[in-house]
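A quick write-up on the structure given underneath.
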Amino acid sequence: MATEKPPARSGARAKPSASSAKKPAPRNPSRNTPSRGSKAGSSKAGSDTADDLSAEERRKVEKSQPPRALVLHEVIRLQGNHELDRTLAALWWSALAAGLTIGLSLMAMGLFRSRLPEHDMAVITTSLGYPVGFLAIILARQQLFTENTLTAVLPVMSEPTLEKFGQLLRLWSVVLAGNIVGALLFAYGMLHLPIFDTKADQAFLDIGREVMENDHWQMFSKGIVSGWMIATMVWLVPAAENAKVWIIFLVTYLMALGSFSHIVVGTCEVGYLMFAGEVGLGAFVLDFALPTLAGNIVGGSLIFALMSHAQVRSDTSPADKSPKEKSPKRKTAP
């Protein structure tokens, strides 16, 4: 009698067939294959995002970013606070040294002009001497009045108190007086000491005459541009520390090409003319100094400093917070 095979247990595993063993589990092509317009395709195409960078690469990216306007504002504001806290003696001697040093600009331009033949394009070469005094002053960290129209003003705009205003007026008065006295001393020495030949002396006189050809409105208008350009230079220097020399050179060279009036350099130029007897003290003060000084202050403080401070205040105002910060907290269900 034939025996029947016992039925297969329910717990026994069935051996997979050869065909089923060879076939892998079907894939969903939409998961791995990017298609146009699909989220997977867009994430695949943008694979080199911040998530794909290593820690070292992220540090390089952060290091390569230019400083924010808020950072530049804070750097200059701290410098301004330091200047406001300096003693009167320190401010005076630094400003006097800057006034003497700025005479290098007049000296360099006059020497270039006296050594070059008269030509319409000669101004391109003679203007190369104008940045010399500014480079020496800024690199030596001496006190120049038009720099302080931005540097010392930002702390006052950030903290507009009577104490800060008093410190600003003290700084401005001491630095301006020191700059003017130093520039006049340099001009007097250039004229009366036996240093330069007749051609150079004539070139110095011609430079002063060209300044005095401007009327009051031209002095004021050109002074605005000059003050704005110096404030721009002060703002740019912390952002490009390695290119500081080139920034100072380019900005001041353009000032010379445009014949924009500057209170300290112009004091040396017109002072030389005054000591030579071609203009009087009244013309020096009323026709040159006051309009130019007003223009420098307007361009450096009321225009550039005010707009730069307003830009930073707008960036840090509550209205510009991120949506994440402005979104209200979700109420949890009881």
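The numbers here are math on the coordinates, done by the rules we state, and not lab data. This one's a predicted model, so the numbers in the text were calculated from it and none came from an experiment. Here the Cβ is made from the backbone with ideal geometry for all residues, glycine too, and neighbour counts use every protein chain on show.
Summary of values
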| item | result |
| --- | --- |
| Listed residues Met212, Phe249, Phe196: farthest to the positive end of the dipole of the stretch 180-257 (Cβ charges) | Phe249 |
| Dipole magnitude of the stretch 194-276 about its Cα centre (Cβ charges: Lys, Arg +1; Asp, Glu -1), debye to nearest 20 | 220 debye |
| Amide H partners (placed H, <5 Å) of Gln143, local residues excluded | Ala95, Ala98 |
| For the stretch 245-254, 3J(HN,Hα) per residue [Karplus equation, 6.51 cos²θ - 1.76 cosθ + 1.60, θ = phi - 60°, Hz, x = Gly/Pro] | 4, 5, 5, 4, 5, 5, 5, 6, 5, 5 |
| Magnitude of the charge dipole, the stretch 169-311, Cβ model with Lys/Arg +1 and Asp/Glu -1, debye to 20 | 460 debye |
| The stretch 79-182 - charge dipole about Cα centre, Lys and Arg +1 at Cβ, Asp and Glu -1, debye rounded to 20 | 200 debye |
| Karplus-derived HN-Hα couplings along the stretch 141-157 (A = 6.51, B = -1.76, C = 1.60, θ = phi - 60°), whole Hz, x at Gly and Pro | 6, 8, 8, 10, 4, 5, 5, 6, 5, 10, 4, 7, 7, 4, x, 5, 5 |
| Whole-Å distance, taken between Cα centres, linking the stretch 78-117 and the stretch 124-153 | 7 Å |
| Residue-wise HN-Hα coupling along the stretch 188-203, computed from phi with Karplus coefficients 6.51, -1.76, 1.60 (Hz; x: Gly, Pro) | 5, x, 4, 6, 9, 8, x, 10, 10, 7, 5, 5, 5, 4, 5, 5 |
| Three principal axis lengths of the stretch 96-199 [C-alpha, angstrom, descending] | 55, 30, 21 |
| Highest-first arrangement of 91-104, 255-268, 157-170, where packing means the average Cβ count within 10 Å | 255-268, 91-104, 157-170 |
